[in-house]
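What follows is a single structure, written as structure tokens, with notes after it.
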Amino acid sequence: MRLVDVWPLHGLRLTTADLELRPTTEAELPQLCTILPSDLETDPAATRYAGLDDRANHRAILAQSYWRAMGTWSTHDWVVPFAVRHDGELVGMQALEGPDWTSDRTVDSWSWLTTDSRGRGWGKQMRAAVLALAFGSLGARTAISSAVIDNVSSLGVSRSLGYRETHVSVLEHSGQTLRHVRLDRDAWQASGLADEIVVEGVDPATLALFGGAGDA
Ligand SMILES: CC(C)(COP(=O)(O)OP(=O)(O)OC[C@H]1O[C@@H](n2cnc3c(N)ncnc32)[C@H](O)[C@@H]1OP(=O)(O)O)[C@@H](O)C(=O)NCCC(=O)NCCS
């Protein structure tokens, strides 16, 4: 039996002009930890181990986020952590999240690229890839995102894909201002950006993990 027969998510493949996105496997974790950039902001609520240095804690946070995504998956609340490759080499991750999927059909996302891979339009391509999956086969109604106001690259990706600002909030732990943005399905479809993405591997078994066919 193959991994994809056990967990149909692994049949998914998203292809953009320069990148290929596939759900991360455990075997990819060591390499992803090797290329993990040091400037990545980590969840302040994530467990940190006093005996580990910063770098080791970041690796543990990445690995635990992967295991948590797979281990606590439900049709109501899921996260697909995609591994992103260029010419076969791992260059980053792009996650798609449906934290309250059954009730609001809204997706959120997070991503990172190695420092060498930034500024080439790949951040935009990989976010567009997961939006094509979300607004297409999965039937999402809305995509949201947020970033601290000085994260111009993350907000740049959102802006370039047509997200509109909704509000700002203040992070309790750091006092930083967070900008929240939103993109609705009609705006996504009108943009024509889905035409640049190939989505493969969405079969009934895959859709079952998301609670069945979307209403797109
Ligand atoms: C966020 C990230 C994935 C974006 O990828 P990227 O390759 O740098 O971004 P792109 O080259 O695709 O740029 C997308 C858009 O943002 C704009 N942009 C990117 N970086 C920018 C910068 N530093 N200043 C101004 N605009 C910027 C680009 O001009 C582009 O807009 P355009 O299409 O209108 O020209 C990447 O920068 C990264 O890994 N950052 C560190 C991790 C992080 O902060 N992740 C986000 C929080 S989850």
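Some points to look at:
- Which numbered condition Arg68 fails, given (1) away from the ligand (no atom under 13 Å from the Cβ); (2) open to solvent by less than 30 Å² (accessible area, probe 1.4 Å): (2)
- Of Thr106, Thr115, all but one fail to be out of contact with any Leu (no Cβ under 9 Å at 6 or more places or on another chain), open to solvent by 40 Å² or more (accessible area, probe 1.4 Å) and touching a residue at least 24 places away in the same chain (Cβ under 8 Å); the exception is Thr115.
- Among the residues of segment 21-53, those that are within 16 Å of the ligand (Cβ to nearest atom) and open to solvent by 30 Å² or more (accessible area, probe 1.4 Å) comprise Thr34, Ile35, Ser38, Asp39, Leu40, Glu41, Thr42, Asp43, Pro44, Ala45.
- Set side by side, the residues Glu172, Glu165 differ, and just one is of a type in the set (Asp, Glu), farther than 15 Å from Gly136 by Cβ and surrounded by 12 or more Cβ atoms within 10 Å (Cβ to Cβ), which is Glu165.
- Segment 1-20: number of residues that are touching a Gly at 6+ places or on another chain (Cβ under 7 Å) and open to solvent by less than 30 Å² (accessible area, probe 1.4 Å): 2
- Matching entry among Ala134, Ala194 (being open to solvent by less than 60 Å² (accessible area, probe 1.4 Å) and over 17 Å from Asp100 (Cα atoms)): Ala194
- Helices (runs of 4 or more DSSP H) completely within segment 83-184 that count 2 or more residues being within 9 Å of the ligand (Cβ to nearest atom): 122-135, 152-160
- Looking only at residues in segment 72-82 that are out of contact with any helix residue (DSSP H, G or I) (no Cβ under 6 Å at 6 or more places or on another chain) and touching a residue at least 60 places away in the same chain (Cβ under 8 Å), the one that is nearest to the ligand (Cβ to nearest atom) is Phe82.
The values are calculated or read from the model by the stated rules, or taken from the named source; none is laboratory data. Just so it is clear, the model here is predicted, and its values are computed rather than measured. Note that each Cβ is placed from the backbone with ideal geometry, even for glycine, and that neighbours are counted across all protein chains shown. Accessible surface areas use protein heavy atoms only, side chains included; no ligands, DNA or RNA. Shrake-Rupley method; radii C 1.70, N 1.55, O 1.52, S 1.80 Å.
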